[in-house]
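The values are calculated or read from the model by the stated rules, or taken from the named source; none is laboratory data. No experiment lies behind these values; they were computed from the predicted model shown. Only protein heavy atoms, including side chains, enter the accessible area calculation; ligands, DNA and RNA are left aside. Shrake-Rupley method; radii C 1.70, N 1.55, O 1.52, S 1.80 Å.
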Amino acid sequence: MVNRGKSDRKWKLRLLILLAFFSAGCSGQGEKPKDERFYEDDVTSEKEEYIVVGFAQIGSESDYRIANSASFRETFCEENGYYLLFEDGQQKQENQIKALRNFILQEVDYIVLDPVVETGWDEVLQEAKAAGIPVILSDRSVTVEDEGLYTCWVGSDFEEEGRKAGRWLEDYLKSEGREEEEIRLVTLQGTLGSSAQIGRMNGFAEVLRLHDRWNMLEYASGDFTQSKGQEVMARFLDTYPDIDVVISENDNMTFGAIEAIEEAGKTCGPKGEIIMISFDAVSEASFTAMKEGKLHADVECNPFLAPKVDEIIGRLERGETVEKIQYVEEQCFDAFMDLDAIMEQRKY
């Protein structure tokens, strides 16, 4: 349980000021950093009421990540009683660990971590626990010996996302009268070892095992990026000339795969030769691809996690307990829906 007092926050904000001045002084410039909010004379003003949150983001490798970062910046703002310290890990675990240690040094009130991979967090999370700072995992999860090292996890049920993709393919092949055909599949995986990659692969594999006629030709990582997705898909097409289905574990890799397919003189989507199934559905581009007939289905991965984290922090501030695992709601969209009507109602 956490219930920090006014004097405690006031002291921490003074520390943040000193650290900011120290950093500016070391630069030799003597200039204020970009964010001047803590450089007013009256440090005992209403700023002492802020809840200081350190957020260690993975990076900006995808449309999902950009929308996710925007969600946190919009939610954890001064108007909502927060001061957000945002660190972009640039998809490197060592950068995120360094960010967490800086948050601990600054004695933030809460740490939010979106871990690039699942393992290798025990030591730094133990340091946060020893400092009495609650850690909330967002989007991706961690594998640690002691689950007491983090307060809770908020995000998507990645395995269920994988199962949704598998069940959608089942239904689609049946509707097309192809349930008895030999189906050749390839999978563009995300960053290996990440929760999204592991969960989506395992969830889809559950459905895959139910179908003797589904032949997964190869798994290969596109690292959740468009350029790598295009590169891997081009190799798939060179190696396997008769691919029936592409499972792509995020939209950015999907966009790259579509480019590779078209460059190879092939077609995909409901109007083409190859069935395309993607994950994320967080941008207009993914819906446009479905509307244009280049993408069959897209399993949503909801990036708006910050409001749920805000709710959790509110409960912790009141001394309440919170559930260890908390999922956000998600859907599966396909090219046969009224996508224009759906897009009008969406925030991302």
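Residue pairs exceeding 23 angstrom between C-alpha atoms, taken from K228/K271; K98/K347; K164/K294; K98/K308; K92/K324: K228/K271; K98/K347; K98/K308; K92/K324.
Which angle between 0 and 90 degrees, to the nearest 10, do you get for helix 93-105 versus the longest principal axis of the chain when only C-alpha atoms count? For helix 93-105, the angle is close to 20 degrees. Take every DSSP beta bridge whose two residues both sit in the chain; close to 5 percent of them are antiparallel.
Cα-based radius of gyration for the range 215-328, normalised by 2.2 N^0.38 Å, reads 1.37.
Surface composition of the chain: carbon plus sulfur atoms contribute 46% of the solvent-accessible area (1.4 Å probe, protein chains only, all chains present).
Averaged per residue, the chain has 46 square angstrom of accessible surface, using a 1.4 angstrom probe with ligands and nucleic acids left out.
Backbone phi angles across the range 169-183, fed through the Karplus curve with coefficients 6.51, -1.76 and 1.60 (θ = phi - 60°), yield HN-Hα couplings of 5, 3, 5, 5, 4, 5, 5, 8, x, 10, 5, 9, 7, 6, 10 Hz in residue order; Gly and Pro are listed as x.
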